[in-house]
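All remarks here apply to the structure that follows.
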Amino acid sequence: MGYILCIETSTTNCSVSLAKEGKVLAFEEDYDTKYSHAERLHNYIDKVIKDAEITFKDLSAVSVSKGPGSYTGLRIGVSTAKGLCYALGIPLISVPTLQGLSMQVVFDGNHSIVSMIDARRMEVYSSVFSSSHEEIRETKAEILTQESFSEYLQNGKVYFIGNGVEKFSAICNDDNAVFIQNKLPSSKEMAILSFSKFIEKEFEDVTYFEPYYLKDFVTG
């Protein structure tokens, strides 16, 4: 089984990992408050390839976080991934950004996970997942209110993660809400999801694949 290069650029975190059979072998990221993808992404890719002591010819696929998120960040990540797939003649795999983010939440019990990425003002891109990280509510762009996610909160603990958490924690006082602060999507969590798709041959059309913006152009 070959290696999969994972690229995550949907937020300010420029993140790259190199994985084999779902296990991360090399990893680089920049948890910055500014977008540094154009300056750092290719350097990070070269670094993880070197750290894993392989060459680009050893790659079996490239995986990219498909969105939602920053328009500019997604464009850079997807164009880079597609370029590598074209040049190397290997498949392209896409991973839903919010599902990858949910993978950072691990706990015992049958609770829910809400991944939320900051959009603008009181808006977030969010999706709801089970404790096994299966999507139980589709991705939406929504304005946060005190009543948001009440149907899940009334049934038990709900873990909120992502850079939209700060907005919601300021207006939500529900005892069942657990806020996981200061977390962004990372390429680490893409490893196992990408491997599963690779096994099932769930590949994208390199020519026509576009990021999942969810809404019209969002700067950043």
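The values are calculated or read from the model by the stated rules, or taken from the named source; none is laboratory data. The structure displayed is predicted, hence computed values, not measured ones. With ideal geometry, Cβ positions are generated from the backbone for all residues, glycine too; neighbour counts draw on all protein chains shown.
Among residues of the range 47-72 being free of Cβ contacts under 8 Å to residues at least 40 places away in the same chain and part of a helix (DSSP H, G or I), the one that is farthest from Ile117 (Cα to Cα) is Lys57. Within the range 73-81, is there a residue that is closer than 30 Å to Gly164 by Cα, assigned by TED's automatic domain parsing to the domain that holds His42 and part of a strand (DSSP E or B)? Scanning the range 73-81, I find no residue that is closer than 30 Å to Gly164 by Cα, assigned by TED's automatic domain parsing to the domain that holds His42 and part of a strand (DSSP E or B), so the answer is no.
Can Leu18 be described as surrounded by fewer than 19 Cβ atoms within 10 Å (Cβ to Cβ) and part of a strand (DSSP E or B)? So Leu18 fails the test.
If a residue has to be more than 15 Å from Ser187 (Cα to Cα) and either under 17 Å from the mean Cα position of the chain (by Cα) or not assigned by TED's automatic domain parsing to the domain that holds Thr72 (or both) to count, how many in the range 35-56 make the cut? Going through the range 35-56 one residue at a time, the tally reaches 2. The set of residues from the range 175-211 being hydroxyl-bearing (Ser, Thr, Tyr), part of a loop (DSSP other than H, G, I, E, B) and in contact with a Ser or Thr (Cβ under 8 Å, 6 or more places away or on another chain) comprises just one member, Ser186. Only one entry in Val124, Val114, Val218, Val128 is in a loop (DSSP other than H, G, I, E, B), among the β-branched types (Val, Ile, Thr) and either at pLDDT 95 or above or out of contact with any Leu (no Cβ under 6 Å at 6 or more places or on another chain) (or both), namely Val218. Pick from the range 4-29 the residues that are small (Gly, Ala, Ser) and in contact with a strand residue (DSSP E or B) (Cβ under 8 Å, 6 or more places away or on another chain): which of them is nearest to Ala191 (Cα to Cα)? Across the range 4-29, the extreme among qualifying residues is Ala19.
One residue stands out among those in the range 31-52 that are at pLDDT 95 or above and aliphatic (A, V, I, L, M): the one that is nearest to Thr9 (Cα to Cα), which is Leu41. Residues in the range 133-174 that are assigned to a loop (DSSP other than H, G, I, E, B) and within 16 Å of the chain's Cα centre (by Cα): 5 in all. Taking the conditions (1) buried (at least 22 other Cβ atoms within 10 Å of the Cβ); (2) under 28 Å from Phe56 (Cα atoms); (3) of a type outside the set (D, E, K, R) in turn, Tyr86 satisfies each one other than (1).
With the structure loaded, tell me whether Phe195 is surrounded by fewer than 21 Cβ atoms within 10 Å (Cβ to Cβ) and among the aromatic types (Phe, Trp, Tyr) or whether it fails that test. Taking the combined requirement at face value, the residue does not satisfy it.
The residues listed here are Ile171, Ile136; of these, the one that is under 18 Å from Met103 (Cβ atoms) and not assigned by TED's automatic domain parsing to the domain that holds Lys23 is Ile136. Could we say that Ile143 is of a type in the set (A, V, I, L, M), outside the structural domain of Phe56 (by TED's automatic domain parsing) and modelled with pLDDT of 95 or more here? Yes.
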